[in-house]
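A.B. asks: Have a look at this one before I ask anything.
The values are calculated or read from the model by the stated rules, or taken from the named source; none is laboratory data. In this text, all values refer to a predicted model and were calculated from it rather than measured experimentally. Ideal geometry is used to build each Cβ from the backbone, glycine not excepted, and the neighbour counts take in all protein chains shown. Remember, those area values only see protein heavy atoms, side chains included, never the ligands or the DNA or RNA. Shrake-Rupley method; radii C 1.70, N 1.55, O 1.52, S 1.80 Å.
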Amino acid sequence: MRKSAGILLYRRLSAAAEVLLVHPGGPFWKGKEKGAWTIPKGEFTEEEEPLQAALREFEEETGKKLTGQPIPLEPVRQKAGKLVMAWALEGDLDASTISSNTFRIEWPYKSGKWQTIPEVDKAGWFTIQEAEVLINPAQSGFLKQLQTLLTNL
């Protein structure tokens, strides 16, 4: 079974909390907004601790290193069956200054033309209500869990 680990970064403003979401790079995701955004996350192997993988993936996809005390969230299963583990972490960063790692893709498919594209092409801060519209539907469970956590803090 494929597994991913990620960080749901949040910040509390006077009126409401906001979460950081990232948008996948590449031609498949170009122009797609609703349901396309995600928490910074990625796959990991059995040899890697899930939380360490989540922190590594966050840094790879944003160029930012996190500090603080992550709070574990209940995992969710995405449509294709991948299990996503996540941790909520309070923090702040300038979303316009992210710097993502890149990968190579043949595009158009079987064209022989290769492109190097960022894994993440943009990041943004959203209220939980805004994020519910943009996030991959399977990951909306993380937003609900965060709301509950913030109510109890």
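A.B. asks: Tell me, what ³J(HN,Hα) does each residue in segment 102-118 have, in order and in whole Hz, if you take phi through Karplus 6.51 cos²θ - 1.76 cosθ + 1.60 with θ = phi - 60° and put x for Gly and Pro?
C.D. replies: Values, residue by residue: 10, 9, 9, 9, 7, 8, x, 3, 6, 8, x, 9, 10, 10, 9, 10, x Hz.
A.B. asks: Round to a whole angstrom and tell me the spacing of the C-alpha centers of segment 102-147 and segment 1-75.
C.D. replies: So the two Cα centres are separated by 10 Å.
A.B. asks: Hey, can you grab everything whose amide H is under 5 Å from the amide H of ASP121? Only 5+ residues off in sequence or another chain; H modelled, so Pro and N-termini drop out.
C.D. replies: Amide H to amide H, under 5 Å and 5 or more residues apart or across chains, ASP121 pairs with HIS23, GLY25.
A.B. asks: Oh, and also: Before anything else, pin down the relative contact order of the chain: Cα pairs under 8 Å, at least 6 apart, normalised by residue count, whole percent.
C.D. replies: 32
A.B. asks: Pick out, in residue order, every one of the GluC sites (Glu not before Pro) in segment 23-77 that is DSSP loop and has at most 15 other C-beta atoms within 10 Å; say none if there are none.
C.D. replies: Working: sites: GLU33, GLU43, GLU46, GLU47, GLU48, GLU57, GLU59, GLU60, GLU61; in loops: GLU33, GLU46, GLU47, GLU48.
Those satisfying the criteria are GLU33, GLU46, GLU47, GLU48.
A.B. asks: Counting other C-beta atoms within 10 Å, and keeping those with at most 14, which DSSP coil trypsin sites (Lys or Arg not before Pro) do you find in segment 68-128?
C.D. replies: Counting only loop positions with at most 14 other Cβ atoms within 10 Å, the trypsin sites (Lys or Arg not before Pro) in segment 68-128 are LYS79, LYS110, LYS113.
A.B. asks: Dividing the convex hull volume of the alpha carbon atoms of the chain by its residue count, what do you get in Å³ per residue?
C.D. replies: 122
A.B. asks: Okay, moving on. Report, to the nearest whole %, how much of the accessible area of segment 1-152 belongs to carbon and sulfur atoms, 1.4 Å probe, protein only.
C.D. replies: Carbon-and-sulfur percentage of accessible area, whole number: 52.
A.B. asks: Could I ask something else about it? What figure, in Å² to the nearest 10, do you get for the accessible area of SER111 with a 1.4 Å probe and non-protein molecules left out?
C.D. replies: We get 50 Å² for SER111.
A.B. asks: Can you show me the helix-derived [θ] at 222 nm for the chain, built from DSSP H runs with n ≥ 4 at -39,500 (n - 2.57) apiece and divided by the number of residues, rounded to the nearest 500.
C.D. replies: Dividing the helical sum by the residues of the chain leaves -6500 deg cm²/dmol.
A.B. asks: Antiparallel as a % of all DSSP beta bridges within the chain, to the nearest 5?
C.D. replies: Antiparallel: roughly 70 percent of the beta bridges in the chain.
A.B. asks: For helix 140-152, what angle does its Cα long axis make with the longest principal axis of the chain, in degrees from 0 to 90 and rounded to 10?
C.D. replies: Taking Cα atoms only, the helix is inclined about 20 degrees.
A.B. asks: Before I look further, what does segment 9-112 give for accessible area per residue, probe 1.4 Å, in whole square angstrom? Numbers along the way, then the final one.
C.D. replies: On the way: 6010 Å² over 104 residues.
For segment 9-112, the solvent-accessible area averages 58 Å² per residue.
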